[in-house]
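Here's the structure, in structure tokens; my notes come after.
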Amino acid sequence: MMKQVFAISAYKDSPYLEECILSLVTQTVPGDVIICTSTPNSHIRELAERYALPLYVREGKSSLRNDWNYAVSCAVRKHGAELVTIAHQDDVYHPGYREALLSACRRYPDILLFCTRYETIDASGKRIKGSIENVKRILRLPLRLRALSNRGFIKKLPLRFGNGICCPSCTYNTSLTGLPIFHGDYSFVTDWDALLRLSEKPGRFICDERELISYRVHEGAATSRLTKGHLRSREEYQMFCRMWPRPIASLILIPYGKSYDMYK
């Protein structure tokens, strides 16, 4: 059985970090949890000490690409992980996440990426109804064809009309992805870019359509900030242009952009 590690990518003083940690250390199947950060502070250090979690600090300017690659690298090189879940500090992982992941790995040894369905919650933890996840579930329908989920065409389908895969729900099989996983200088579509690259590698995309994480939307989240600054729409247009002619990319972006309302 491959070893899995939750690598929390911590940033500044998130009031939700402890809730995230608790959700990881109370999984039905125990395992390693580490914290990685490029913004070390007393809040992060105190929580790492309280829960006896290894804390790794990256030198240099914060960025999604570099912070996530660092988290993966620490899990692999310092803890011997093959399966790495980059846990987002604002989100909550349901108790059976690791159990579901390991079960999928036993059934599909060539698993390249594992992801799940999610619920969307607000700052207080209350469920947000009618979220973009309903659309993403439709985008992920091709991945239900598990016998074909190792085919590049099938792996790309959930990405062609938008990113149907929830980034915080992803676990990467680093023995197949190679390192680093994340490339490019994007601020918002770093994960989408990586998924598109991974879809061209050998291996299977497996999605468990049970709600195994709670994805938090709140005013201070990076998603909210980037949406308001219109950076999200620019980067998503660039992604669509990689898969479609520009006129079609522009048309797809219009309905997809309506999903931004939930971040306002």
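Tabulated results
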item: Rel. contact order, % - alpha carbon contacts under 8 angstrom, at least six apart, the chain; result: 22
item: Portion, in percent, of the accessible area of the chain that falls on carbon or sulfur, probe 1.4 Å; result: 54
item: Fluctuation leader among V57, V92, V76 - the chain, Gaussian network, Cα springs under 10 angstrom; result: V57
item: Debye-sum result for segment 1-139 in log10 I(q)/I(0), which assumes one identical scatterer on each alpha carbon, at q = 0.09, 0.12, 0.14 Å⁻¹; result: -0.28, -0.51, -0.70
item: Simple label model, 7 Å out from Cα along Cβ direction - R246 to K61, nm; result: 2.9
item: Nonlocal amide H pairs with Q89, under 5 Å, H built at 1.01 Å; result: S9
item: Mean Cβ neighbour count within 10 Å, used as a protection proxy, ranking 82-88, 145-151, 32-38 highest first; result: 82-88, 32-38, 145-151
item: For the chain, share of DSSP beta bridges that run antiparallel, in % to the nearest 5; result: 25
item: Over 18 Å [Cα-Cα, segment 47-92], rounded percent; result: 36
item: Most mobile listed residue (K155, K129, K61) in the chain, GNM with C-alpha springs under 10 Å; result: K61
item: Placed amide H near K3: partners under 5 Å, 5+ positions off or other chain; result: E82, L83
item: Flagged links, alpha-carbon separation over 18 Å, of K129/K156; K78/K201; K3/K78; K136/K156; result: K129/K156; K78/K201
item: Hull volume in cubic angstrom per residue (convex hull over the Cα atoms of segment 68-165); result: 133
item: Separation of the R144 and H218 label points, Cα + 7 Å toward Cβ, nm; result: 3.4
item: Inter-site label distance for K3 and K78 at 7 Å from Cα along Cβ, in nm; result: 1.4
item: Backbone HN-Hα couplings from phi across segment 173-181 [Karplus 6.51/-1.76/1.60, Hz, Gly and Pro as x]; result: 8, 5, 5, 10, 6, x, 10, x, 8
item: Exposure ranking of F114, F161 by accessible area [1.4 Å probe, largest first]; result: F161, F114
item: Local electrostatic count, L47, Cβ distance below 11 Å [Lys/Arg +1, Asp/Glu -1]; result: -3
item: Over segment 141-250 - Rg/Rh using Cα atoms and the Kirkwood inverse-distance radius; result: 0.96
item: Amide H within-cut-off set for I121, under 5 Å, with H built and near neighbours excluded; result: I128, Y215, R216, V217
item: Surface/4 estimate of mean projected area, convex hull on alpha-carbon atoms of the chain, nm²; result: 12.9
item: Solvent-accessible area per residue for the chain (1.4 angstrom probe, square angstrom); result: 45
item: Sequence-separation-based contact order of segment 106-164, relative, with Cα cut under 8 Å and 6+ spacing, percent; result: 26
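The values are calculated or read from the model by the stated rules, or taken from the named source; none is laboratory data. Quantities reported herein were computed from a predicted structural model and do not represent experimental measurements. Here the Cβ is made from the backbone with ideal geometry for all residues, glycine too, and neighbour counts use every protein chain on show. Heavy atoms of the whole protein, side chains included, go into the accessibility calculation; ligands, DNA and RNA do not. Shrake-Rupley method; radii C 1.70, N 1.55, O 1.52, S 1.80 Å.
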